[in-house]
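The values are calculated or read from the model by the stated rules, or taken from the named source; none is laboratory data. No experiment lies behind these values; they were computed from the predicted model shown. With ideal geometry, Cβ positions are generated from the backbone for all residues, glycine too; neighbour counts draw on all protein chains shown. SASA here: full protein model, heavy atoms, side chains in, ligands and nucleic acids out. Shrake-Rupley method; radii C 1.70, N 1.55, O 1.52, S 1.80 Å.
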Amino acid sequence: MSAPIIEVHNLTKHYGDVQALRGVSFEVEEGEVFGLLGPNGAGKTSTVEILEGLRAADGGIVSVCGLDPQTPGPAFKQEIGAVLQSTALPDKLRVAEAVSMFASFYKRRRDPATLLKRFGLEEKRNTFYSHLSGGQKQRLALAMSLVNEPRVLFLDEPTAGLDPQVRREIYTIIEELKKERKTILLTTHYIEEAEKLCDRVAIVDQGRVIAQGTPRELKQRSAGTTRIELRLARPETDAALKQLDGVADCHASDGVYVVHSTRVPQTIVSLVKYLEAHGNELSSLDIAAPSLEDVFLELTGRRLRD
Amino acid sequence: MRNAWTLTKVRMRLALRNRAFIFFSLIFPLIFLFLFLGLFARSNVAAVPYMLASVLAITVMGSFWGLSVQLVTFREQGILRRFRVAPVGPGAMLASSIASNYILTLPAVSIEFVLARRVFHMSQWGNLGGVFFLITLGIITFAALGLIIASVTNSTQETQVINQILWSAFLFLSGATLPLPMLPIWIQRFALFLPATYLVTGLERVLVARVGVAQIGAEIVALAVSAAMALFLSQQLFRWEPEAKVGPRAKALAAATIVPFLLLGLWETAHGNLRSAARTDFLTIRSEPIDRPAPFIAPR
Ligand SMILES: Nc1ncnc2c1ncn2[C@@H]1O[C@H](COP(=O)(O)OP(=O)(O)OP(=O)(O)O)[C@@H](O)[C@H]1O
Ligand SMILES: [Mg+2]
């Protein structure tokens, strides 16, 4: 196998007293969609922006396309494309102007008109940036990140803050890029996004990679437990449900009890007995395969999103 | 180089779409022209070149205003960092700031000239070569000053405050609104340390006395030094990221740029004839008694 296109080894970074990265390591192969999944403040943006050459690392080794982003020469920026988490364009810049301007900065470039068409921005080509909706701004950001046919694409929370329909549009775009075998480093705190789009995922928490592998591998780690989701006629305490046979963990949110069980049949039998004895009833019951959310919960004892 | 030119074109377009820019850089100097020439030079054609020198100087000095606000906005909104991940260097960003400003200020200056000649019957064009020289150096100096202000401030509000202070100093201490010889002697002495004064008196010299470029050597040198210092500093202080802090080295450098102006002011105090030249030019408009020009109101 050839050398990985992105290498990160023992990366550290602090801001004042905050230790944002405490030795992050991972590698991304060419043509792979790699996800950094983690809660707010995990260190995803810090990692990605060090790889883009926007921030300076304190320690560790990083390489992108065989180049060092910390001392980027002109060649480096020709090779990468990026959707940044916090950025904007001038209010009075028109969509088509933005894409053509950025295209003109690169040696290798795609036709701006074709890109606009592909991202459904044709009708908006003469619209000012400030008049675009959130989803349109994000599609423009994606179009701009591709103007140089980059070898590596960095997408920092490309769907954050967008409504579900727009998010699905962006997923379709990323899936197309995936088919073209584009190398993508994607950060997200949506489980669904990581499971659906990524070939491999690194789960990041508090500046560390706490697990990595394919979504399937990661889920197998928690194969020991199965998730049972319950709704009850009357509330029960988490502690009471934790006493049931085979239950490893239980927590409630919005009236849904999520029970992690190592032995599903025994758990269900003892659950039914318990509810009968307490004059309570089941309103619904779902048995779900473990998700990356469960993996995160198991590893950290916390939920990915509160 | 090519990136700088692309950026220059885009930024000129953005400027022309910005109402505040149009107003402060193009309309405002024209209002000022009509006010000054209309009020103080109507019955005294001899005063037109003198007043025009003030208007031109104000047009040129205004360069720092819009540019500093624009660059701070670009940085604070994260616009600059988007350019930074593309192959765009600080050089292209800074060069395009100055070039777009220069290209947009030239038509304003030309219109002011033509109006002075046609509407206010200025009897001659003055030394146009000298005017061109001074204006070019002046725009570079004041545009780069705008870039420096943008780098040392952290929000548009902060920028506006600094701009107001500097703007008032440039207008009232340089002879641009109140003629230098009318100012108290201590202000006249202080003015010798301000680049703005050299721009104003230089323009007066080439427009009123129609002297050649060789005779405004001190002014040219002063502005060339200012331009070089301002360019150097703007490049040293430039930052892409809102979080980036101005380092101690950069602050020391900024402080050190006072030195050439101190030397210049001292030399001018000892050997120069700037103040006497300013007086001579001023006397050309005193064939009739004039009122003090109205205090100038700074844009907000
Ligand atoms: N410029 C900065 N100055 C100070 N602290 C920072 C800065 N950027 C990030 N941090 C801190 O570093 C930690 C990691 O932040 P980072 O933005 O990398 O996380 P993230 O995983 O991208 O989070 P999010 O999902 O909210 O985008 C956080 O505690 C954050 O507060
Ligand atoms: Mg982030």
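Checking A:ALA57, A:ALA98, A:ALA82, A:ALA103 one by one, the residue that is within 11 Å of another protein chain (Cβ to nearest Cβ), aliphatic (A, V, I, L, M) and touching a strand residue (DSSP E or B) at 6+ places or on another chain (Cβ under 9 Å) is A:ALA82 and no other.
Can you confirm whether B:VAL206 is modelled with pLDDT of 85 or more and more than 15 Å from B:ILE139 (Cα to Cα)?
Numbers: modelled with pLDDT of 85 or more: yes; more than 15 Å from B:ILE139 (Cα to Cα): yes.
Answer is yes for this residue.
Among the conditions (1) under 15 Å from A:LYS77 (Cα atoms); (2) within 24 Å of the chain's Cα centre (by Cα), A:ALA103 misses just one, which is (2).
Among the residues of the stretch B:87-120, count how many are more than 14 Å from every other protein chain (Cβ to nearest Cβ) and among the hydroxyl-bearing types (Ser, Thr, Tyr). Residues in the stretch B:87-120 being more than 14 Å from every other protein chain (Cβ to nearest Cβ) and among the hydroxyl-bearing types (Ser, Thr, Tyr): 3 in total.
I'd like to verify a number: residues in the stretch A:178-194 that are over 16 Å from the mean Cα position of the chain (by Cα) and not basic (Lys, Arg), how many?
Qualifying residue count, the stretch A:178-194: 1.
Against the conditions (1) of a type in the set (S, T, N, Q); (2) under 24 Å from A:ILE50 (Cβ atoms); (3) over 16 Å from the mean Cα position of the chain (by Cα); (4) open to solvent by 20 Å² or more (accessible area, probe 1.4 Å), A:ASN148 satisfies every one except (4).
In the stretch A:1-18, of all residues being β-branched (Val, Ile, Thr) and in contact with a Lys or Arg (Cβ under 8 Å, 6 or more places away or on another chain), the one that is least open to solvent (accessible area, probe 1.4 Å) corresponds to A:ILE5. Taking interchain pairs and intrachain pairs at least six residues apart, which have beta carbon atoms under 6 angstrom, with the first residue in the stretch A:50-72 and under 20 Å from A:THR183 (Cα atoms) and the second within 16 Å of ligand 1 (Cβ to nearest atom) and open to solvent by 20 Å² or more (accessible area, probe 1.4 Å)? Sorted first by the residue in the stretch A:50-72, then by its partner, the pairs are A:ILE50/A:ALA57. It is to be established whether one or more residues within the stretch A:253-264 are open to solvent by 40 Å² or more (accessible area, probe 1.4 Å), more than 14 Å from A:LEU275 (Cα to Cα) and among the aliphatic types (A, V, I, L, M). The answer is no, given that none of the residues of the stretch A:253-264 is open to solvent by 40 Å² or more (accessible area, probe 1.4 Å), more than 14 Å from A:LEU275 (Cα to Cα) and among the aliphatic types (A, V, I, L, M).
The residue that is farthest from the chain's Cα centre (by Cα), among those in the stretch A:21-40 that are within 21 Å of A:PRO158 (Cα to Cα) and near ligand 1 (Cβ under 9 Å from one of its atoms), is A:ASN40.
Summed over the stretch A:152-168, the residues that are touching a residue at least 40 places away in the same chain (Cβ under 8 Å) and either hydroxyl-bearing (Ser, Thr, Tyr) or away from ligand 2 (no atom under 16 Å from the Cβ) (or both) give a count of 2.
So that you can scan it fast, the table gives a plain yes or no per residue for (1) over 21 Å from the mean Cα position of the chain (by Cα); (2) assigned to a helix (DSSP H, G or I); (3) more than 16 Å from ligand 1 (Cβ to nearest atom); (4) within 30 Å of B:THR284 (Cβ to Cβ):
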| position | (1), (2), (3), (4) |
| --- | --- |
| B:PHE193 | no, no, yes, yes |
| B:THR197 | no, yes, yes, yes |
| B:ARG205 | no, yes, yes, yes |
| B:TRP240 | yes, no, no, no |
| B:GLU243 | yes, no, no, no |
| B:ALA250 | yes, yes, yes, no |
| B:GLY265 | no, yes, yes, yes |
| B:GLU268 | no, yes, yes, yes |
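All told, B:ILE79 meets the bar of being at pLDDT 90 or above and surrounded by fewer than 24 Cβ atoms within 10 Å (Cβ to Cβ). Could you list, in sequence order, all residues of the stretch A:42-60 that are within 11 Å of ligand 1 (Cβ to nearest atom) and open to solvent by less than 20 Å² (accessible area, probe 1.4 Å)? Listed by number, the residues that qualify are A:ALA42, A:GLY43, A:LYS44, A:SER46, A:THR47, A:VAL48, A:GLU49, A:ILE50, A:LEU54. When the stretch A:19-41 is limited to residues that are within 16 Å of ligand 2 (Cβ to nearest atom) and either basic (Lys, Arg) or modelled with pLDDT under 95 (or both), the one that is most open to solvent (accessible area, probe 1.4 Å) turns out to be A:ASN40. Restricting attention to the stretch B:157-178, the residues that are buried (at least 22 other Cβ atoms within 10 Å of the Cβ) and within 13 Å of B:ALA278 (Cβ to Cβ) total 3. Of the listed requirements (1) within 19 Å of A:LEU51 (Cβ to Cβ); (2) of a type in the set (Phe, Trp, Tyr); (3) open to solvent by 10 Å² or more (accessible area, probe 1.4 Å), A:TYR190 misses just one: (1). Does the stretch A:9-30 include one or more residues that are under 15 Å from B:ARG82 (Cβ atoms) and within 12 Å of chain B (Cβ to nearest Cβ)? No - not one qualifying residue is present in the stretch A:9-30.
Which helices (runs of 4 or more DSSP H) sit wholly inside the stretch B:2-78 and have at least 1 residues that are away from every other protein chain (no Cβ under 14 Å) and under 16 Å from the mean Cα position of the chain (by Cα)?
B:28-40, B:48-61, B:63-76
Determine if the stretch B:132-150 includes at least one residue that is at pLDDT 90 or above and in contact with a Gly (Cβ under 7 Å, 6 or more places away or on another chain). Checking the stretch B:132-150: at least one residue is at pLDDT 90 or above and in contact with a Gly (Cβ under 7 Å, 6 or more places away or on another chain). A count restricted to the stretch A:61-84 and to residues that are at pLDDT below 95 and either within 15 Å of ligand 1 (Cβ to nearest atom) or of a type in the set (Gly, Ala, Ser) (or both) stands at 3.
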